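All remarks here apply to the structure that follows.
The values are calculated or read from the model by the stated rules, or taken from the named source; none is laboratory data. From a predicted model like this one, the values you see are computed outputs, not experimental measurements. Don't worry about glycine lacking a Cβ; one is built from the backbone with ideal geometry, like all the others, and counts go over all protein chains shown.
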Amino acid sequence: MREMSVTEQRYKAVLAVIGDGRTVEEVARDWGISRRTMHRWLARYEGDGLEGLNNRSHRPAHCPHQTSPAMEAMVLEMRRAHAYWGARRIAFELARKRIQPAPSESAVYRCLVRAAVIDPITRRRRRETWKRWERGGPMELWQLDLVHGFLLADGSSAKALTGIDDHSRYCVSARLMASERTQSVCDGFNSAMQAYGVPLQVLTDNGKVFTGRFAQPPVEVLFDRICRENGVDHILTQPRSPTTTGKIERFHKTLRVEFNTRQVFKTLKTAQEALDEWVTYYNTQRPHQGLGDLTPESRFRSGAEEGRHQLRHPERNGEQWVCRKVASNGVVGVGYQQVSETHQPK
């Protein structure tokens with residue numbers, strides 16, 4: 001048996017009143033509706049006939065807050081120019097350009113959905129149990145790591161020592177190197193401290209360029225020695241725990257997308273120049289969602305003056321360090337002499 005449509009059901013209720021002579025109260029009770037609704041159906045039937053019983057749109061005739069076609073075009077043009085920008089970033093940039101009336105984040109989001117630029121089904125949900133941690137001020141902790149994949153025209157691939165201040169997300173290091181060598185990593189670390197000062201702590205993974213605490217026997221590598229002589233507390237991540245350095249990993253993701261590490265550079269020098277330009281933009285102009293849309297520089301400079309600024313051994317630059325490979329028995333050859341020292345971790 002065919003199921004009656006909504007219009008047919010309403011028509012049957014109306015006929016029960018005007019055709020069968022039943023009262024509005026009786027019919028309303030039988031159909032499970034209010035008397036007010038029954039009276040509205042009767043009035044619509046008397047005015048428009050059977051068509052009056054169809055569902056009517058509740059959309060207002062005029063919506064003063066509706067996004068204009070010109071604004072939608074501006075939103076979509078921004079999205080085309082910056083494919084990695086979401087609704088929040090586009091709304092922020094429009095407000096920063098003093099576009100009036102500036103659309104809200106939700107209005108921009110609806111524009112992107114209507115244009116099928118983003119898929120609302122795949123929108124990530126924020127985890128309620130997830131908690132962000134950060135240091136209370138700048139220069140308290142730097143997160144350092146190595147990132148690979150900077151392509152050069154000769155077919156080789158460069159790497160970069162990256163570092164960010166934990167509190168402000170300010171990038172303190174983005175130094176390219178042809179290969180992952182202890183000397184190059186330590187040169188980059190020294191340059192960062194000469195430029196911004198000595199942090200209280202640094203956080204790295206357990207890579208051999210950063211520490212020798214897990215060697216057998218344990219040894220003090222150059223990076224550990226620089227930390228010790230400058231009073232820097234060197235913290236290591238737990239094995240297989242990438243979330244510990246989550247901020248630097250997030251920085252790497254931003255770097256890959258916005259700087260586009262897959263582009264090919266003519267030389268290492270041109271790659272470094274381009275990277276320096278992007279880092280300046282990242283630090284001084286790019287709003288950071290984790291900072292409430294502030295720039296990293298605004299948060300770093302506001303408290304960095306109270307931090308530690310002097311490198312304790314500025315006269316010992318990277319070129320004066322001697323790098324030697326440690327043999328399996330813990331012996332290092334320096335100046336035709338064999339030196340063996342077992343470093344006891346704290």
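Would a scan of region 38-46 turn up a residue that is out of contact with any His (no Cβ under 7 Å at 6 or more places or on another chain), not in a helix (DSSP H, G or I) and not assigned by TED's automatic domain parsing to the domain that holds T254?
No: zero hits.
Taking C186 as meeting all but one of (1) part of a helix (DSSP H, G or I); (2) touching a Ser or Thr at 6+ places or on another chain (Cβ under 9 Å), write down the number of the exception.
(2)
Output the residue which, of all residues in region 140-161 that are aliphatic (A, V, I, L, M) and under 18 Å from the mean Cα position of the chain (by Cα), is farthest from C227 (Cα to Cα).
Of everything passing the filter in region 140-161, V147 is farthest from C227 (Cα to Cα).
Conditions first: (1) surrounded by fewer than 15 Cβ atoms within 10 Å (Cβ to Cβ); (2) at pLDDT 75 or above; (3) closer than 30 Å to N190 by Cα. E77 passes all but one, so which condition is the exception?
(3)
Can T270 be described as at pLDDT 90 or above and farther than 26 Å from N206 by Cβ?
yes
Test D30 against the criterion of being out of contact with any helix residue (DSSP H, G or I) (no Cβ under 6 Å at 6 or more places or on another chain) and outside any helix (DSSP H, G or I), and give yes or no.
No: the conditions fail for D30.
Being of a type in the set (A, V, I, L, M, F, W, C) and out of contact with any Lys or Arg (no Cβ under 9 Å at 6 or more places or on another chain) is the filter here, so list the residues in region 32-46 that pass it.
I33, M38, L42, A43
Go over the candidates N230, N206 one by one and state the one that is of a type outside the set (K, R), in the same structural domain as P296 (by TED's automatic domain parsing), without any contact (Cβ under 8 Å) to a residue 60 or more places away in the chain and farther than 28 Å from Q263 by Cα.
N206
Starting from residues that are part of a helix (DSSP H, G or I) and free of Cβ contacts under 8 Å to residues at least 24 places away in the same chain, keep the ones in region 1-24 and report whichever is nearest to M38 (Cα to Cα).
Ranking the candidates gives V24 first.
Could you check how many residues of region 121-174 are part of a loop (DSSP other than H, G, I, E, B), surrounded by fewer than 20 Cβ atoms within 10 Å (Cβ to Cβ) and modelled with pLDDT of 90 or more?
Qualifying residue count, region 121-174: 6.
Does any residue of region 5-22 turn out to be surrounded by 10 or more Cβ atoms within 10 Å (Cβ to Cβ), under 57 Å from the mean Cα position of the chain (by Cα) and at pLDDT below 85?
Yes - at least one qualifying residue is present in region 5-22.
Sort out which residues of region 236-273 are farther than 29 Å from G86 by Cα and either in contact with a Pro (Cβ under 9 Å, 6 or more places away or on another chain) or surrounded by fewer than 14 Cβ atoms within 10 Å (Cβ to Cβ) (or both), and write them in order of number.
Within region 236-273, Q238, P239, R240, K266, T267, K269, T270 meet the criteria.
Filter region 203-220 down to the residues that are crowded, with 20+ Cβ neighbours inside 10 Å and polar (S, T, N, Q), then identify the one that is nearest to I248 (Cα to Cα).
Among them, the one singled out is T204.
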